[in-house]
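**Student:** Let me begin by handing over the structure; questions about it come next.
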Amino acid sequence: MRIAFLLFPNVTQLDLTGPAQVLSRLGEGTRLDLVAATPDPVPTDAGFAILPTATFEEVTAADILCVPGGFGTNGAIADDRTIDWVRAIGGQARWVTSVCTGSLVLGAAGLLEGYRATCHWGQRHMLPLFGATPVDARVVIDRNRVTGGGVTAGIDFAFHLTALIRGEAHARFVQLSLEYDPDPQFDSGSPERADTALVTAYERRVAALAPGRDDELRRLAALRGYS
């Protein structure tokens, strides 16, 4: 089982490292690569870099493609080499997957047209740009497309995928080995449960960090042949 995670500048590291930790335990023979345009360290939005294990040229096929998200997704969509690689790998992968706004990258590569998919709640409304049907869910499975919601949903996504590939018993074993037993201190992890002031504060923060992000994504979608 060969797993390829896309790495790009300003990726949200937990989108990648959370599911990577789970999927690395699929069993004997599993090979997991963190794939980037060059072998240089890739900066994340957490202030530290991740070292790729392979470049686009070195990974030409995979059983599982996983694309994480983050504020760097628009840059990934704008980069022809990145989109070409995602399209090529996703076109033949057994499982085509994403976490958070990584689904927008899949969409830009033409891999979500006619599929149900999810995303971080703050950008889920952009999925129809790429012909996908947005679903308000933590994990969405549509045929061989498996998409996870925002950031921490990547861990749940990985357990769903593990169960699909290796069965529920193996997924439960991995869950126990990782002591995945979430008990959040606060009940504000979704806009439906957070108070209005908190949601507004988040939206203002995003607007300050990435001004015009939605407009830029619409422009990039048009460049990729979507209108």
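**Student:** Given the condition within 26 Å of residue 8 (Cα to Cα), among the charged types (D, E, K, R) and either within 12 Å of the chain's Cα centre (by Cα) or part of a loop (DSSP other than H, G, I, E, B) (or both), answer yes or no: does some residue in segment 106-128 qualify?
**Tutor:** yes
**Student:** When you go through 173, 157 one by one, which is the residue that is closer than 27 Å to residue 108 by Cα, of a type in the set (A, V, I, L, M, F, W, C) and surrounded by 10 or more Cβ atoms within 10 Å (Cβ to Cβ)? Outline the logic, then answer.
**Tutor:** Details: 173 fails: closer than 27 Å to residue 108 by Cα.
From the options 173, 157, the qualifying one is 157.
**Student:** Tell me, yes or no, whether segment 166-184 has at least one residue that is touching a strand residue (DSSP E or B) at 6+ places or on another chain (Cβ under 6 Å), modelled with pLDDT of 95 or more and within 18 Å of residue 96 (Cα to Cα).
**Tutor:** Taking segment 166-184 as the starting set, the residues that turn out to be touching a strand residue (DSSP E or B) at 6+ places or on another chain (Cβ under 6 Å) are none.
No, that holds for no residue.
**Student:** Now for a separate question. Within the group 135, 96, which residue is crowded, with 24+ Cβ neighbours inside 10 Å and farther than 23 Å from residue 207 by Cα? Steps first, please.
**Tutor:** Values: 135 fails: crowded, with 24+ Cβ neighbours inside 10 Å.
Sole residue among the options that is crowded, with 24+ Cβ neighbours inside 10 Å and farther than 23 Å from residue 207 by Cα: 96.
**Student:** Kindly check whether there is at least one residue in segment 115-124 that is of a type outside the set (Lys, Arg) and farther than 25 Å from residue 210 by Cα. Lay out the reasoning, then the answer.
**Tutor:** The first filter runs over segment 115-124 and keeps only residues of a type outside the set (Lys, Arg), leaving 115, 117-123.
Within this subset, residues satisfying the condition of being farther than 25 Å from residue 210 by Cα are 115.
Yes, because at least one residue in segment 115-124 is of a type outside the set (Lys, Arg) and farther than 25 Å from residue 210 by Cα.
**Student:** Here's a follow-up. Among the residues of segment 47-98, how many are assigned to a helix (DSSP H, G or I), of a type in the set (Gly, Ala, Ser) and closer than 18 Å to residue 147 by Cα? Before the answer, list the steps.
**Tutor:** Of all residues in segment 47-98, those assigned to a helix (DSSP H, G or I) come to 73-78, 80-90.
Now drop any that are not of a type in the set (Gly, Ala, Ser), which leaves 75-76, 78, 88, 90.
If we keep only those that are closer than 18 Å to residue 147 by Cα as well, we get 76, 90.
Number of matching residues: 2.
Residue by residue, here is whether (1) in contact with a Cys (Cβ under 8 Å, 6 or more places away or on another chain); (2) within 26 Å of residue 136 (Cα to Cα); (3) of a type outside the set (Lys, Arg); (4) touching a residue at least 12 places away in the same chain (Cβ under 8 Å) holds:
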| site | (1), (2), (3), (4) |
| --- | --- |
| 30 | no, no, yes, yes |
| 68 | yes, yes, yes, yes |
| 74 | no, yes, yes, yes |
| 81 | no, no, no, yes |
| 99 | yes, yes, yes, yes |
| 106 | no, yes, yes, yes |
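**Student:** Just to be sure, is residue 32 in contact with a Leu (Cβ under 9 Å, 6 or more places away or on another chain), buried (at least 23 other Cβ atoms within 10 Å of the Cβ) and either of a type in the set (Lys, Arg) or assigned to a strand (DSSP E or B) (or both)?
**Tutor:** Working: in contact with a Leu (Cβ under 9 Å, 6 or more places away or on another chain): yes; buried (at least 23 other Cβ atoms within 10 Å of the Cβ): no; either of a type in the set (Lys, Arg) or assigned to a strand (DSSP E or B) (or both): yes.
Taking the combined requirement at face value, the residue does not satisfy it.
**Student:** Can you find, within segment 161-199, the residue that is nearest to residue 67 (Cα to Cα) among those that are touching a helix residue (DSSP H, G or I) at 6+ places or on another chain (Cβ under 8 Å) and assigned to a helix (DSSP H, G or I)?
**Tutor:** 161
**Student:** Right, something else. Just one of the numbered conditions (1) out of contact with any strand residue (DSSP E or B) (no Cβ under 7 Å at 6 or more places or on another chain); (2) closer than 24 Å to residue 172 by Cβ is not true of residue 77; which one?
**Tutor:** Exception for residue 77: condition (2).
**Student:** Exactly one of (1) exposed (fewer than 14 other Cβ atoms within 10 Å of the Cβ); (2) assigned to a strand (DSSP E or B) is unmet by residue 146. Its number?
**Tutor:** Against the list (1) exposed (fewer than 14 other Cβ atoms within 10 Å of the Cβ); (2) assigned to a strand (DSSP E or B), residue 146 comes up short only on (1).
The values are calculated or read from the model by the stated rules, or taken from the named source; none is laboratory data. Predicted, not measured: the structure shown is a model, and the values here were computed from it. No Cβ is skipped: glycine too gets one built from the backbone with ideal geometry, and neighbour counts run over all protein chains shown.
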